[in-house]
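Report on the structure given below.
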Amino acid sequence: MVKLTNNKDIPKRKFNILTAIKIVFMLFIISWLLSAIISSFVNEESFGNTALIPISGLILTRSNNLFSDTASSSVIVEKIKSASIDSNIKAIILEVNSVGGSAVASEEIVQALENTNKTIVAFIRDVGASGGYWVASTAKHIFASRMSIVGSIGVFSSYPEFSGLLNKYNVTYNRLVAGEYKDIGSPFVELDETAEKILQEKINSLHEYFLDEIVDNRNLSSEIRKEIATGLFYTGLEAKDLGLIDSFGSKENAIDFVEKELNITVKIKSYEDKQGFRELLLGFVNQKDFSFLSQELNLKNSYGIKT
Amino acid sequence: MMNLNLPKERVVKKDASIIKRFLALLIDILAINLFIISPFQKVFLKFFNQDASIMQNISLLESVSTTTLYITMFSVIVLALLYFALFEYKLSQTIGMMIMKIYVEGEISFWKAVIRNMFIIPFFPFYILWVVDPIHLFFRGKRFSEEMTKTRTVEIIKW
């Protein structure tokens with residue numbers, strides 16, 4: 001709105017510099033005082049000095065399953081990096097409850113843990129098998145319950161084959177391939193002896209790598225290596241005899257270990273996922289009770305190389 | 001001395017231009033940064049890691065969730081609100097407005113000045129004003145908060 005007016009109608013405006021300085025000075029002093037008070041309360045303790053990172057569910061490169069408990073390696077790696085760059089964090093406690101999953105996803109987590117300079121301690125809850133155990137094996141000390149499921153150090157890439165079914169229903173699979181083995185492992189092609197041998201060799205070489213990693217991390221003997229190479233899972237009791245875990249215990253024991261090892265009073269900084277709509281939904285059907293079963297089913301029904 | 005018969009000085013009072021208001025706000029943000037936020041730098045440095053990326057700092061911040069962080073944020077917001085409210089209540093002008101030669105017109109009490117500047121509170125429902133105020137300003141020539149407090153921001157042009 002434009003209003004033409006006379007000079008005399010405009011009130012004489014004089015910017016009172018003294019009042020302005022007074023306001024600025026007062027605000028600056030209050031800010032300075034408040035920051036000094038807040039600073040005195042902010043110390044290492046208020047942030048937490050030990051990161052608690054859960055590795056729970058099927059380990060995948062990306063978490064994309066609505067109805068099962070999955071652990072995305074991208075998210076976990078980010079959490080490990082956050083803990084690593086946080087100067088307040090002195091140790092990382094891994095809460096492992098996983099049957100493994102994607103070999104690549106497990107390795108991503110393992111590499112992130114190997115790159116950190118923090119003390120790592122792991123405790124296995126219901127299950128720390130395969131890729132889940134690989135992650136735990138990077139820890140300086142592993143705790144597990146006597147009844148935990150530990151081990152299962154093997155690799156598989158099983159898949160269903162439908163070639164017989166297609167023949168039964170007179171469905172033809174038009175195989176158009178450039179490169180003899182391009183569609184090796186396709187569920188629509190019968191696996192011949194050569195293809196099976198090739199796939200088995202690849203799985204064997206991955207298994208050797210996986211075993212070497214575990215043996216290195218846990219400093220195991222060649223006899224134990226041979227024993228665990230079967231891919232069998234063990235109870236916590238058996239795992240301790242084999243040297244796959246160090247002690248029986250849970251989160252409290254892991255905290256005690258960190259306190260003694262680093263001579264600090266542990267204050268946990270949790271890196272647990274925030275509860276979203278999916279978790280709330282699943283909470284109603286008590287999904288956790290069936291998580292082990294659903295993890296196994298998901299693992300066996302998905303394609304790719306699994307640890 | 002020769003007397004020139006020049007036309008009298010003409011004065012126009014009009015709603016302050018959007019550009020002038022925007023520049024005044026920018027100057028005020030700079031002033032707030034200098035006088036209010038900078039003393040808190042020591043505290044903020046404890047929350048953020050300078051070696052980390054922005055995304056890593058955000059995830060660090062998410063995992064902190066301490067009351068200290070909220071107290072710090074609350075203090076800064078209240079002080080920034082006080083900056084605008086006190087200047088407008090006492091002088092009808094903030095530092096930015098003074099530089100851009102615009103001022104608040106209308107009967108202004110302290111609480112009116114607070115209501116006028118509630119847009120700086122970054123919580124619901126106040127951040128709705130980030131959308132409502134500019135739209136109102138664009139179409140009606142004054143912010144929605146100004147409409148509520150029956151005040152307006154004006155400039156005086158003399159020639």
Using alpha carbon centroids, what distance separates region A:209-249 and region B:115-154, in Å? 66 Å
Give me A:225, A:218, A:175 sorted ascending by neighbouring Cβ count inside 10 Å, so fewest comes first. A:175, A:225, A:218
Using C-alpha positions alone, give me the convex hull volume of region B:110-159 per residue in cubic angstrom. 93 Å³
Cut-off 10 angstrom, C-alpha nodes, Gaussian network model of chain B. Which of B:11, B:131, B:104 fluctuates the most? B:11
Under the definition of Cα pairs under 8 Å and six or more residues apart, what whole-number percent is the relative contact order of chain B? 34 percent
What are the ³J(HN,Hα) couplings of region A:216-233, residue after residue, when phi is run through the Karplus curve with 6.51, -1.76, 1.60 and θ = phi - 60°? Round to Hz, x for glycine and proline. 5, 4, 9, 6, 8, 7, 5, 5, 5, 4, 5, 5, 7, 5, 5, x, 6, 9
Between the residues B:38, B:106, B:84, the Cα farthest towards the positive end of the dipole of chain B, that dipole coming from +1 and -1 charges on the beta-carbon of Lys, Arg, Asp and Glu, is from B:106
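Which value at 222 nm does chain B reach when only helices count, each DSSP H run of 4 or more adding -39,500 (n - 2.57), with the total divided by all residues and rounded to the nearest 500 deg cm²/dmol?
Details: 8 runs with 89 residues, N = 159.
Taking each H run of at least 4 residues, the total per residue is -17000 deg cm²/dmol.
Once you've got the Cα coordinates, tell me which of A:22/B:46; A:81/A:140; B:101/B:158; A:90/A:260 are over 23 Å apart.
A:22/B:46
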List the DSSP H helices in chain B whose Cα atoms stretch 18 Å or more along the helix axis and whose mean Kyte-Doolittle hydropathy is at least 0.0. B:18-32, B:67-91
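With +1 on each Lys and Arg Cβ and -1 on each Asp and Glu Cβ, and nothing else charged, work out how big the dipole of region B:11-158 is about its Cα centre, in Debye to the nearest 20.
Working: 16 positive and 11 negative charges, 107 e Å.
The calculated dipole for region B:11-158 is roughly 520 debye.
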For chain B, with a Gaussian network of springs between Cα atoms less than 10 Å apart, report the residue from B:127, B:103, B:70 with the top mean-square fluctuation. B:70
Shielding score for A:16-29, defined as the mean number of other chain Cβ atoms within 10 Å: 4
At a 10 Å Cβ-Cβ cut-off, how would you order A:127, B:114, fewest neighbours first? B:114, A:127
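Check each of the trypsin sites (Lys or Arg not before Pro) in region B:87-141 and keep only those in coil by DSSP with at most 12 other C-beta atoms within 10 angstrom; list them in order.
Passing sites in region B:87-141 do not exist.
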I'd like the mean, over residues of B:5-11, of how many other protein chain beta carbons sit within 10 Å of each residue's own Cβ. 2
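Where a number appears in this text, it was derived from the coordinates with a stated rule and is not lab data. This one's a predicted model, so the numbers in the text were calculated from it and none came from an experiment. Heads up, the Cβs are rebuilt from the backbone with ideal geometry, glycines too, and the neighbour counts pull from every protein chain shown.
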